[in-house]
Amino acid sequence: MATIEPLVVPMTPDAPEACGFSPCEGGVCAAVGMRAAGVSAGFRKNPNRYDLALVVADETCVVAGTFTTNRFCAAPVTVSRERAARGRARAVVLNSGNANAATGEPGLACALKATALVAAELGCEPEEVLVASTGVIGVQLPLEPYVSGVPAAVAALAPTAAAAHDAACAVMTTDTRPKEVALVGALPSGRRVHVGGFVKGSGMIQPNMATMLAVLATDAPLTEGAARTALRSAVGESFNKVTVDSDTSTNDTCLLFATGAAGGEKIDGSSPDYPVVAAALRSACIDLARQIAADGEGATKLVTVNVMGAANEKDADTVARSIANSPLVKTAVFGHDANWGRVAAAAGKCGVAFDQACVDIDFLGVPVCRAGLTVPMDEDEMLRRFEAPEIEITVNLGAGEACGRVWTCDLTHDYVTINGDYRT
């Protein structure tokens, strides 16, 4: 019997090394000119759990943001979207435990008062402070935790990895671990710059963006336009490629602060330095996106779905999302079952045109389907391979040259338990 070669997925420049950057310490504080803090302010019942994060630039700097497309958006999204559009900011205050969503005018007033409290402590204008929240929807957010928590957070501000870590912990909800990244590298101009950040998210995750609060920072001197373009592109290739349960949150917020502390000329879209900074930002966001998928509620596996051979990128993305969101595919992964028929069914249901007789499918680099038909496999060997922490599913539609990729996780008993008990 002839050996059947596995599918070869086209390489993409996702790794930091591809743009000359390497991991470093510091999280969101890796960027020179940034400070952070995480404290327990009383938004949660557990006094030992941090629930208020503050991230501050030493000086008002360039900011860019992307936000949820959910029309039931939360009050802090309304405030931060408007302020981020101005392109300049000093700080962002974030809380967990309460989403301040579906709270009407009182919720909006609370978000505005929270930014005013931060501004008073920092000595800046309220319009220079952004706000984000995460937690239960439809419950009024009390102002009192901000009144006591903001001064405590300002007092704790530090430009250290430990302070960045505290902030990352303070925004966690059903996350099992904080999610951080930090990169450092040299630009073509010779400047040494950093990109760092943190994200929260493990459930209610679906592209557009993915349910999350993310704060990113760089000391590269990006212009407002360059920051917006770079962030939009990075989010499109990272947080918009994650799905845990096909639900999109009311509170999604991703912010990028660019302090400019690396010095030198401003970096706009035409600068030779811009593609390198943008690639580093994309790498940082992809790292965080993978951490979200790996920490999906109740998850035991990070699942990468690669689709190649599509007629266009939109088709590739549609098929990848259909497979990644399929409960049958996700439960098969949990059960260590290389049931490629579920992958084929998920690909075929989403409205993308292709010929099933041209489709090839691999699990973990092992051919399981060729030309739409079963390829014999060693079940014991597949069970062994399914012990890996990351499961890769690759599909070639045989309809063109376009590729797409989505990250997800398996679907377990614990997902139901976590979400069944979320408010109790």
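The values are calculated or read from the model by the stated rules, or taken from the named source; none is laboratory data. Because the structure is predicted, anything quoted here is derived from the model rather than measured. Cβ placement follows ideal geometry from the backbone for every residue including glycine, while neighbour counts extend to all protein chains displayed. Keep in mind that these areas ignore ligands, DNA and RNA; they rest on the heavy atoms of the full protein, side chains included. Shrake-Rupley method; radii C 1.70, N 1.55, O 1.52, S 1.80 Å.
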Q. Could you count how many residues in the range 348-357 are closer than 20 Å to GLU401 by Cβ and either surrounded by 14 or more Cβ atoms within 10 Å (Cβ to Cβ) or in contact with a His (Cβ under 7 Å, 6 or more places away or on another chain) (or both)?
A. 4
Q) In the range 93-129, which residue that is small (Gly, Ala, Ser), part of a helix (DSSP H, G or I) and open to solvent by less than 10 Å² (accessible area, probe 1.4 Å) is farthest from VAL39 (Cα to Cα)? A) GLY107
Q) How many residues does the range 45-68 hold that are touching a Ser or Thr at 6+ places or on another chain (Cβ under 7 Å), open to solvent by less than 60 Å² (accessible area, probe 1.4 Å) and over 22 Å from ALA119 (Cβ atoms)? A) 1
Q. Since ARG71 meets every condition but one in (1) open to solvent by less than 10 Å² (accessible area, probe 1.4 Å); (2) more than 30 Å from GLY263 (Cα to Cα); (3) not polar (S, T, N, Q), which condition does it not meet?
A. (1)
Q) Can you tell which of ALA53, ALA36, ALA57, ALA119 is hydrophobic (A, V, I, L, M, F, W, C), farther than 26 Å from GLU237 by Cα and touching a Pro at 6+ places or on another chain (Cβ under 7 Å)? A) ALA119
Q) Here are some residues: ALA399, ALA388. Which one is under 19 Å from LYS330 (Cα atoms) and either of a type in the set (A, V, I, L, M, F, W, C) or at pLDDT 95 or above (or both)? A) ALA388
Q: Would you be able to say whether some residue in the range 16-35 is at pLDDT below 95, among the aliphatic types (A, V, I, L, M), buried (at least 23 other Cβ atoms within 10 Å of the Cβ) and assigned to a loop (DSSP other than H, G, I, E, B)?
A: no
Q: Find the residue count for the range 173-205, including only residues that are in a loop (DSSP other than H, G, I, E, B) and either among the acidic types (Asp, Glu) or touching a Pro at 6+ places or on another chain (Cβ under 6 Å) (or both).
A: 2
Q: Scan the range 297-317 for residues that are more than 27 Å from ASP378 (Cβ to Cβ), touching a strand residue (DSSP E or B) at 6+ places or on another chain (Cβ under 8 Å) and open to solvent by less than 50 Å² (accessible area, probe 1.4 Å) and report the count.
A: 4
Q.
Tell me whether the range 138-159 contains one or more residues that are part of a loop (DSSP other than H, G, I, E, B), open to solvent by 40 Å² or more (accessible area, probe 1.4 Å) and more than 29 Å from ILE292 (Cα to Cα).
A. yes
Q. What is the one condition in (1) closer than 17 Å to LYS113 by Cα; (2) open to solvent by 20 Å² or more (accessible area, probe 1.4 Å); (3) part of a loop (DSSP other than H, G, I, E, B) that ARG90 does not satisfy?
A. (3)
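Got a sec? Which of THR60, THR78, THR3 is without any contact (Cβ under 8 Å) to a residue 24 or more places away in the chain and either hydroxyl-bearing (Ser, Thr, Tyr) or in contact with a Leu (Cβ under 6 Å, 6 or more places away or on another chain) (or both)?
Values: THR60 fails: without any contact (Cβ under 8 Å) to a residue 24 or more places away in the chain; THR78 fails: without any contact (Cβ under 8 Å) to a residue 24 or more places away in the chain.
That would be THR3, the only listed residue that is without any contact (Cβ under 8 Å) to a residue 24 or more places away in the chain and either hydroxyl-bearing (Ser, Thr, Tyr) or in contact with a Leu (Cβ under 6 Å, 6 or more places away or on another chain) (or both).
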(Q) Need pairs with beta-carbon distance below 8 Å; first residue more than 24 Å from ARG405 (Cα to Cα) and within the range 372-394, second among the small types (Gly, Ala, Ser) and surrounded by 12 or more Cβ atoms within 10 Å (Cβ to Cβ); sequence gap 6+ or separate chains. (A) MET377/ALA338; GLU379/ALA338
Q: Say whether the condition of being assigned to a loop (DSSP other than H, G, I, E, B) and in contact with a strand residue (DSSP E or B) (Cβ under 8 Å, 6 or more places away or on another chain) is met by at least one residue in the range 51-63.
A: yes
(Q) I'd like to check something: does the range 412-423 contain any residue that is part of a loop (DSSP other than H, G, I, E, B), farther than 30 Å from LYS45 by Cβ, open to solvent by 20 Å² or more (accessible area, probe 1.4 Å) and at pLDDT below 95? (A) no
Q. Can you name every residue in the range 206-243 that is within 30 Å of GLY263 (Cβ to Cβ), modelled with pLDDT under 95 and in a loop (DSSP other than H, G, I, E, B)?
A. GLU237, SER238
